[in-house]
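K.L.:
Handing you this structure, nothing more for now.
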Amino acid sequence: MGALRTPREKWVEAGLQALATGGVDTVRVEALAKALGVTKGGFYGYFADRDALLTEMLDTWERESVDDVIDRVEREGADARDKVRLAGQLTFSSDRLLPIDLAIREWARRDHTVADRLRRVDNKRIQLARDAIGTFCADPDEVEARALLAFCTAIGSHFLAADHPGRDRAPVIARAADIILDVPRGNPVG
């Protein structure tokens, strides 16, 4: 993301950073104003209330984590498997998006509106995996299972506390991705 161009974007960015580091309860107008070095009165020139800011934060997260990721994947991804890998890296390995994504998942546990938004975003993300896997796998049940495994690996690896004796986690996850994205024997497409 480029330089922030307007004060409104600065409020949204400060809100996203507060969300990522401390959860939704830390997204408070007074605290954001202090972090930005401005008065909280300026906030109300852009937002009716805190809920309006929270909605715009979710809009920004959705755009960056779905639309912007898909645009970049379409520009840079060579083949279907590379596209899935790149989408996962951009979303779940990103220093910017990952902490926001994890905070939104926690927030969604307590707020059904946020849960609905998360479901919509996750459905778009998993569809990208389905579409890519469907280019080399003909069995719709296997496509769905592989898409689920890919998504669970991408998200779950950030919650898993288990050790991998004698191994670093990153190569284990990369190998899991290779297994999930391997062309199946006997039923490839084409």
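K.L.:
Quick one: which residue in Glu30, Glu62 is under 16 Å from the mean Cα position of the chain (by Cα), charged (D, E, K, R) and within 24 Å of Glu106 (Cβ to Cβ)?
P.N.:
Glu62
K.L.:
Could we say that Ala20 is surrounded by 17 or more Cβ atoms within 10 Å (Cβ to Cβ), touching a residue at least 60 places away in the same chain (Cβ under 8 Å) and of a type outside the set (Ser, Thr, Tyr) here?
P.N.:
It is true that Ala20 is surrounded by 17 or more Cβ atoms within 10 Å (Cβ to Cβ), touching a residue at least 60 places away in the same chain (Cβ under 8 Å) and of a type outside the set (Ser, Thr, Tyr).
K.L.:
Hey, another quick one. Residues of segment 58-80 being in contact (Cβ under 8 Å) with a residue 40 or more places away in the chain and in contact with an Asp or Glu (Cβ under 9 Å, 6 or more places away or on another chain), which ones?
P.N.:
If the condition is that a residue be in contact (Cβ under 8 Å) with a residue 40 or more places away in the chain and in contact with an Asp or Glu (Cβ under 9 Å, 6 or more places away or on another chain), then Thr60, Trp61, Ser65, Val73, Ala80 are the ones that fit.
K.L.:
Next up: What tally of residues in segment 71-107 results from selecting those that are surrounded by fewer than 19 Cβ atoms within 10 Å (Cβ to Cβ) and over 26 Å from Thr135 (Cβ atoms)?
P.N.:
7
K.L.:
Restricting attention to segment 122-136, and to residues there that are in a helix (DSSP H, G or I) and crowded, with 18+ Cβ neighbours inside 10 Å, which single residue is farthest from the chain's Cα centre (by Cα)? Before the answer, list the steps.
P.N.:
Filtering segment 122-136 down to residues in a helix (DSSP H, G or I) leaves 122-133.
Checking which are crowded, with 18+ Cβ neighbours inside 10 Å leaves us with 125, 128-130, 132-133.
On the way: Arg125: 8, Leu128: 13, Ala129: 14, Arg130: 17, Ala132: 18, Ile133: 19 Å.
Only one residue tops the list, namely Ile133.
K.L.:
Restricting attention to helices (runs of 4 or more DSSP H) lying wholly within segment 1-85, give those where 1 or more residues are under 30 Å from Asp182 (Cβ atoms) and modelled with pLDDT of 90 or more. Please lay out each step first, then the result.
P.N.:
Details: elements: 7-22, 29-36, 50-62, 68-76.
In segment 1-85, 68-76 are the helices (runs of 4 or more DSSP H) which contain 1 or more residues that are under 30 Å from Asp182 (Cβ atoms) and modelled with pLDDT of 90 or more.
K.L.:
Quickly run through segment 137-176 and pick out the residues that are in contact with a helix residue (DSSP H, G or I) (Cβ under 6 Å, 6 or more places away or on another chain) and either part of a helix (DSSP H, G or I) or surrounded by 15 or more Cβ atoms within 10 Å (Cβ to Cβ) (or both).
P.N.:
Correct list: Cys137, Val143, Arg146, Ala147, Leu149, Ala150, Phe151, Thr153, Ala154, Ser157, Ala176.
K.L.:
In this structure, does Ala108 turn out to be in contact with a helix residue (DSSP H, G or I) (Cβ under 7 Å, 6 or more places away or on another chain) and of a type in the set (Gly, Ala, Ser)?
P.N.:
The answer is yes for Ala108.
The values are calculated or read from the model by the stated rules, or taken from the named source; none is laboratory data. Being a predicted model, the structure only gives us computed values, none of them experimental. Every residue, glycine among them, receives a Cβ derived from its backbone with ideal geometry; neighbour counts consider all protein chains shown.
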